[in-house]
Number of protein chains: 2
Amino acid sequence: MPREVREQQIIDVAIQVFAKRGYHAASVDEIAELAGISKPMVYLYLDSKEGLFLACLRREADRLMAAFQEAARDGGTPERRLHAALVAFFGFVAGSRDSWVVLHRQASELSEAIAAAVAEARRAVMAQVAGLVRHGIAEADGKVQLGDEDADFVAHALVGAADSLTDWMERHPNQSPEGIALRLMNMVWVGMSHVLEGETWAPSPVRGED
Amino acid sequence: MPREVREQQIIDVAIQVFAKRGYHAASVDEIAELAGISKPMVYLYLDSKEGLFLACLRREADRLMAAFQEAARDGGTPERRLHAALVAFFGFVAGSRDSWVVLHRQASELSEAIAAAVAEARRAVMAQVAGLVRHGIAEADGKVQLGDEDADFVAHALVGAADSLTDWMERHPNQSPEGIALRLMNMVWVGMSHVLEGETWAPSPVRGED
DNA sequence: ACCTTATCTTACTCCGTAGTAAGTTTACTC
DNA sequence: GAGTAAACTTACTACGGAGTAAGATAAGGT
């Protein structure tokens, strides 16, 4: 069995085990056994438990980012591309649940290097989304220019919402990624255009309009 | 030193250490030492490492929920109460960063009981928010009734957005909780009222596709 | 046939740390 | 001032699991 193939097999199994147990509770012994292999092979190919986890992380983060960026690159307005990117994201989560769990929120538990890798991946997504938001706004409303801070705020809110909606998705398996992305766009995008036109909400009781 | 006081001291220290290192990497030895006490005391009062963590979790989850619910209980329209609840939430995170880290991203790593406690707390918040959303919509627009599924969707998006915005907050320490809550309300609420009036967003067709 | 390199295994070592046994001091009661 | 209960300590044990040493097998290459 050639090394390349074995490595991918090991990573496949490791993703399942890490997703099921979490990084610390997962044991290399179990991963090796499920991969039909002995432990020293894992160490020969992936160096250490941390190296193994990083390999999982990198492979799946690349896959997600590739799907995301390919969707965002496809033609149309920035908002259309943002929508396509959301569809790609929800599609990825629906199709690779274990990968998403691994990528999801393990940063605080892990070593410096791993936490840095996770944070970097999230930062990249954030920048991508912030860019789409800024350009989308600029195109939709030529006059208003969104500051970097505002675009970043919106990006954080959007990414966080998408993230949390993966839970909702789990309880509504019949909902398509497209439908979820569409709902989210409706929640956010329609409002933003109106806010940019000056229609703001304030806690002081403003009644009678709407 | 009476037991009640010691317990709270231990929990205080434990929150810091759990926040800094994560559940597994945190050692009871370190917590005991920082609390100026020996390890068996921790076991005498809190039973086990898991018991210690659960005590931290419960104390801080109660504090957060209390602040949240008190804000949401105060008078005004549902949307006003939702806004107040968001302010309370961001205020809590700003004021008790370590507590938030502990409550925040540790669910996947932990034992059954702990994961269940975290999930339950999140579920409670979600239900609370979903209720506010549903009633807020009903009040703002008497005709449209939001289904439970939709209210839940919005609640997930809102809670996830708020969650993620705590990161943004960390990089913008001069921003007040009130300001952040206001921005988020503007992002979501204004749009929702328009969407309910039928102004939906849809991906504009691109020729040759779809 | 012999050497080398890649794949793979059994059978360990070693360490961190959760959890405990047994004992000590302080303080309060009767 | 003996009895006792709470607050507290030192000094262990136990064990899971990361990582490794040493060697087996198989497949070319010369």
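The values are calculated or read from the model by the stated rules, or taken from the named source; none is laboratory data. Quantities reported herein were computed from a predicted structural model and do not represent experimental measurements. Here the Cβ positions follow ideal geometry from the backbone for every residue, glycine too, while neighbour counts run over all protein chains shown. We work out accessible area using only protein heavy atoms, side chains counted, and drop any ligands, DNA or RNA first. Shrake-Rupley method; radii C 1.70, N 1.55, O 1.52, S 1.80 Å.
Using a 1.4 angstrom probe, figure out how much accessible area chain A has per residue, in square angstrom, rounded to the nearest whole. Write out the running numbers ahead of the final one.
On the way: 9650 Å² over 210 residues.
Averaged over the residues of chain A, the accessible area is 46 Å².
To the nearest 100 Å², how much accessible surface do chains B and A hide from each other in total, with a 1.4 Å probe? Working shown, then result.
On the way: alone 12180 and 12180 Å², together 19330 Å².
Interface area, both chains combined: 5000 Å², rounded to the nearest 100.
In degrees, nearest 10, range 0 to 90: what is the angle between the Cα axis of helix A:3-21 and the longest Cα principal axis of chain A? Helix A:3-21 sits roughly 60 degrees off the main axis of chain A. With the simple spin-label model, which puts each label point 7 Å out from Cα in the Cβ direction, the residue A:149 to residue B:70 separation comes to 3.0 nm. Annotation for residue A:44, label-to-label distances across the other copies: 5.3 nm (shortest first, one decimal, point 7 Å from Cα along Cα→Cβ). If each label sits 7 angstrom from Cα along the C-beta direction, how far apart, in nm, is residue B:131 from its counterparts in the other copies? Result, one decimal in nm: 4.4.
Across every pair of non-identical alpha carbons in chain A, the mean reciprocal distance, once inverted, gives a Kirkwood radius of 19.1 Å.
On a 1.4 Å probe surface of the protein chains, which of B:6, A:63 comes out largest in accessible area, and what is the full order? Walk me through the intermediate numbers first.
On the way: B:6 45, A:63 110 Å².
Highest to lowest solvent-accessible surface, that is A:63, B:6.
Shielding by partners for peptide A:71-84, expressed as the average number of C-beta atoms from other protein chains within 10 Å of each residue's C-beta, is 2.
What does the charge dipole of the protein assembly as shown about its Cα centre add up to, to the nearest 20 debye, if the Cβ of each Lys and Arg holds +1 and the Cβ of each Asp and Glu holds -1? Walk me through the numbers on the way to the answer.
Details: 42 positive and 62 negative charges, 115 e Å.
The calculated dipole for the protein assembly as shown is roughly 560 debye.
The 3J(HN,Hα) values that the Karplus relation (6.51, -1.76, 1.60; θ = phi - 60°) gives for segment A:120-125 are, in residue order, 5, 4, 5, 4, 4, 4 Hz. Gly and Pro appear as x. Taking the longest Cα principal axis of chain A as reference, the axis of helix A:148-171 is set at about 60 degrees. Placing unit charges on the Cβ atoms of the charged side chains and taking the dipole of segment A:59-196 about its Cα centre, the candidate lying farthest along the positive direction among A:65, A:83, A:111 is A:83.
Summing Lys and Arg as +1 and Asp and Glu as -1 over all other residues whose Cβ lies under 12 Å from the Cβ of residue B:83 gives a net charge of 0.
Sum up the charges of everything whose Cβ sits under 14 Å from the Cβ of residue A:8, counting Lys and Arg as +1 and Asp and Glu as -1, but leave residue A:8 out. Could you put the intermediate results ahead of the total?
Working: positive: A:3, A:6, A:58, A:59, A:63; negative: A:4, A:7, A:12, A:60, A:62.
Charge balance in the 14 Å sphere: 0.
Each Lys or Arg adds one and each Asp or Glu takes one away; over the other residues whose Cβ falls under 13 Å from the Cβ of residue B:168, this sums to -3.
Surface calculation, 1.4 Å probe, protein heavy atoms: residue A:123 sits at approximately 130 Å² accessible.
Taking the label point 7 Å along Cα→Cβ, residue A:176 and its counterparts in the other copies are spaced 4.6 nm apart, in ascending order.
Note on exposure: B:166, B:200 ranked by accessible area (1.4 Å probe, complete protein assembly) read B:200, B:166, with the most exposed listed first. Sorting A:126, A:1, B:65 by accessible area puts them as A:1, B:65, A:126; the probe is 1.4 Å, largest comes first, and only protein heavy atoms count. Relative to the longest principal axis of the Cα atoms of chain B, the long axis of helix B:78-95 makes an angle of roughly 30 degrees.
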